[in-house]
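Before any comments, here is the structure.
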Amino acid sequence: MITIRPVSDLRYKFSEIESVVREGAPVYLTKNGYGSMVVMSIETYSELVDRTEDALDEADYYAAVSTKRMSHDEVFSGIRRQLDGKEDV
């Protein structure tokens, strides 16, 4: 379940936000009714960054060993086809 709280809760209800974050879920904070920031645990953030770094390392490796290059449109149309179930992953 998505947790959305006003940013003022950081000051007044920090322990409630902290308990949600400890469970591994992010907390979305709003200011004047608009999205302002996301709070997450260090572990969750680290996992997110690590996965991103791994994907970038894999892309760098593939680019180094392959001469095939794709345009932006080719990449994203392929992703859209996969998401629509029209192409195997």
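Can you work out ³J(HN,Hα) from phi for every residue in segment 70-83, in order, using Karplus 6.51 cos²θ - 1.76 cosθ + 1.60 and θ = phi - 60°, giving whole Hz and x for Gly and Pro?
10, 7, 4, 4, 5, 5, 6, 5, x, 5, 4, 4, 5, 5
Magnitude of the Cβ-charge dipole of the chain, K/R +1 and D/E -1, about the Cα centre, nearest 20 debye?
Dipole size: approximately 520 debye.
Skipping prolines and chain starts, which residues have an amide H placed within reach, meaning under 5 Å, of the one on Arg5, given they are 5 or more residues away or on another chain?
Here Tyr28, Leu29, Thr30 satisfy the definition.
Report, in deg cm²/dmol and to the nearest 500, the calculated mean residue ellipticity at 222 nm for the chain, where each DSSP H run with n ≥ 4 adds -39500 (n - 2.57) and the sum is divided by the residue count.
Mean residue ellipticity at 222 nm (helix-derived): -17000 deg cm²/dmol.
For the chain, what does the convex hull of the Cα positions come to per residue, in cubic angstrom?
In the chain, the Cα hull volume divided by residue count equals 158 Å³.
Can you spot the lysines whose alpha carbon is less than 16 Å from Lys13's alpha carbon? Ignore those fewer than 8 places along the same chain.
Lys31
Using the heavy atoms of the protein chains alone and a 1.4 angstrom probe, what is the accessible area of the chain per residue in square angstrom?
86 Å²
Once neighbouring chains are kept in place and the probe is 1.4 Å, which whole percent of the accessible area of the chain is contributed by carbon and sulfur?
55 percent
Apply the Karplus curve 6.51 cos²θ - 1.76 cosθ + 1.60, θ = phi - 60°, to the phi angles in segment 16-30 and return the couplings in whole Hz, x for Gly and Pro.
Result, ordered by residue: 5, 5, 4, 5, 5, 5, 4, 6, x, 8, x, 10, 8, 9, 10 Hz.
The values are calculated or read from the model by the stated rules, or taken from the named source; none is laboratory data. Just so you know, these numbers come straight off a predicted model, no measurement behind them. In this analysis, Cβ positions are derived from the backbone assuming ideal geometry, glycine residues included, and neighbour counts consider all displayed protein chains. The protein model used for the area step is the full one, side chains on, heavy atoms only, and it has no ligands, DNA or RNA in it. Shrake-Rupley method; radii C 1.70, N 1.55, O 1.52, S 1.80 Å.
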